[in-house]
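Chemist: Before I ask anything, here is the structure I am working with.
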Amino acid sequence: MEATEEMIEQLKADLKKARTYQDLMGEDGAIKKLLKASLEGMLDAELTEHLGYDKYSPEGKNSGNSRNGKSRKTLRNDNGELDLVVPRDRNGSFDPVIVKKYERTLGQSKIKSSRCTLRE
């Protein structure tokens, strides 16, 4: 994923306006927007690698598998929820690495939710 000039300018403006933790990590926080854009860009790159051709490339015609829209996914972490748009392929064989299928937590939440305590 390449950071476009528009994305960089938006991040600069958001960071300049930020006065609290909520301004960074809240619903429309600067870091949250950056994380969302980064994860979605990585997912798109993973699908491109999986299919073996770039988006809109004529190589994809009649290749047996192609892009087939996107679906929504909500991930939870210590700072709330993050709504992502995840690309999918026609054959359903795309298995993302950065955000796995059926994964619902991101970051430290995963560690906390999987901890077990043993009693003696």
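Quick note: the coordinates plus some simple rules give every number you see, no bench work behind them. Note that the structure is a prediction, hence the values are computed from the model and not measured. All Cβ positions, even for glycine, are placed from backbone atoms using ideal geometry, and neighbour counts span all protein chains on display.
Chemist: Using amide H atoms built in the peptide plane, which far-off residues or other-chain residues are under 5 Å from Asn68 H to H?
Modeler: Arg88, Asp89, Arg90
Chemist: I would also like to ask the following. Under 16 Å Cα to Cα from Lys101, which lysines show up? Leave out anything in the same chain fewer than 8 places away.
Modeler: Lys70, Lys73, Lys110
Chemist: Which of the aspartates and glutamates could a cross-linker bridge to Lys100, judged by Cα under 14 Å and excluding same-chain residues fewer than eight apart?
Modeler: Qualifying aspartates and glutamates at Cα under 14 Å: Glu40, Asp44, Glu46.
Chemist: Right, another one. Under 10 Å, Cα contacts only: if you run a Gaussian network model on the chain, which one of Pro87, Pro96, Pro58 comes out with the highest mean-square fluctuation?
Modeler: Top of the fluctuation ranking is Pro58.
Chemist: So between Glu49 and Asn68, what do we pick up on full extension, going 0.36 nm a residue minus the alpha carbon distance? Present the calculation step by step, with values, prior to reporting the outcome.
Modeler: Numbers: separation 19, 0.36 × 19 = 6.84 nm, distance 1.51 nm.
Net length gain for the segment: 5.3 nm.
Chemist: Here's another thing I want to ask about it. For Kirkwood radius over Cα pairs in Å, the choices are [x] 16.5; [y] 17.3; [z] 16.1; which was calculated from the structure?
Modeler: It is the value labelled [x].
Chemist: Using a 10 angstrom cutoff on alpha carbons, build the Gaussian network for the chain and name the most mobile of Lys55, Lys16, Lys73.
Modeler: Lys16
Chemist: Between 0 and 90 degrees, rounded to the nearest ten: what's the tilt of helix 30-51 against the longest Cα principal axis of the chain?
Modeler: It is inclined by approximately 30 degrees.
Chemist: Sticking with this one: Comparing Thr105, Thr74, Thr20, which has the greatest mean-square fluctuation in the GNM of the chain with Cα pairs linked when under 10 Å apart?
Modeler: Its mean-square fluctuation being the largest, the pick is Thr20.
Chemist: Moving on. In debye to the nearest 20, how big a dipole does segment 5-114 give about its Cα centre with +1 on each Lys and Arg Cβ and -1 on each Asp and Glu Cβ?
Modeler: For segment 5-114, the charge dipole is close to 400 debye.
Chemist: Hey, could you grab the Kirkwood Rh for segment 3-44? Inverse mean 1/r over distinct alpha carbon pairs, Å, one decimal.
Modeler: Taking the inverse mean of 1/r over all distinct Cα pairs, segment 3-44 comes out at 10.5 Å.
Chemist: Could you tell me which of Leu35, Ala18, Val99 has its Cα farthest along the dipole of segment 5-114 towards the positive end, charges placed at Cβ (Lys, Arg +1; Asp, Glu -1), taken about the Cα centre?
Modeler: Result: Val99, furthest along the dipole toward the positive end.
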